[in-house]
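Notes follow once the structure below has been shown.
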């Protein structure tokens, strides 16, 4: 006697693609041929009276509302969830929602922003924070950075000293202050240079505006002498005025 657990021989129905016992195959195939048919678009077995409805619901061409791409209706849900370049995705750093095609560029810039590590006092890029949290020496040793803390009732504010003006500022404002501090120093240096050049020009203009006087030694005012700047030969009576003009021209160069 054969084992009852042995599987009966089966055949695949050409209409519904199911495995049917060979003993019942003829009856099953007759039933499928009468009530079922294959969809010409997807080759799936559907009830014969529902074929038109199936094709309209599954295979009608529709347009994605985000990227305007055309596709069959049955593919639209997967496209909008996983494939559409215009689908919204959140930035892992700031949680701002952006189109998927712009997300990589945004995350590259957003992840380059820095935040102060409260354990070691260093500024760490947002994209490097997970790794920094694992390797931060101050956090591992339980030590704290050299910072001054101003205690106020109900609040604690961490301050950092500026290396330029030695003033104390909140840790979150120190970068902005250092930029302003550097600009102020550059403006003061430019102002000092301009004041020096202005003073020199003013003295030259005053010398040029004074009337020409003969020398105290009683020399001949019409004696010819040479300008030390341009080596032009002129009478003494006009040489002083000419020398002042030459100095102004040299300073303006």
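Before moving on, here are some points about what is shown:
- Prolate/oblate/rounded label for segment 6-59 (Cα gyration tensor, a/c 1.5): prolate
- Highest average packing first - 234-245, 68-79, Cβ atoms within 10 Å: 234-245, 68-79
- Overall form of segment 1-97 per C-alpha gyration tensor (a/c, 1.5; a/b vs b/c): oblate
Read-outs: derived from the displayed coordinates by stated rules, not from any lab. Quantities reported herein were computed from a predicted structural model and do not represent experimental measurements. A quick note on method: Cβ atoms are made from the backbone with ideal geometry, for glycine too, and the neighbour counts reach across all protein chains shown.
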